[in-house]
Amino acid sequence: MPIGKIPPKVLEELVFSRIGIIDPAVIVGPKYGEDASIINIGDKVLVIHSNPITGAIENIGWLSVHIAC
């Protein structure tokens, strides 16, 4: 497999097919191309975001801080 993003088929077979119980509180859950989830926590929602860095070899620490902040 080349360096970089995991192909959708592999991600489905190895990760998404093993997630388990579906929680109705999860409004937006894990899926290919989605970097955020939305979870109902009562009278509010919690938004969780990630910004994966793929294929970076040099300056990974700098990239992590500057992309995440």
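Any read-out appearing in this document is the output of simple, stated calculations on the displayed coordinates, not a laboratory observation. On a predicted model such as this, the values are computed, not experimentally measured, just so you know. Methodologically, a virtual Cβ is constructed for each residue, glycine included, from the backbone with ideal geometry; neighbour enumeration extends over all protein chains shown.
Just a few scattered comments:
- Directionally averaged shadow of the chain, computed from the convex hull of its alpha-carbon atoms, nm²: 6.1
- Annotation for the chain: chymotrypsin sites (Phe, Trp or Tyr not before Pro) lying in DSSP loop with at most 16 further Cβ atoms inside 10 Å of their Cβ are TYR32.
- Selection of GluC sites (Glu not before Pro), the chain, meeting DSSP coil and at most 12 other Cβ within 10 Å: GLU34, GLU58
- Excluding same-chain neighbours fewer than eight residues apart, the lysines reachable from LYS44 by a Cα-Cα span under 27 Å are LYS31.
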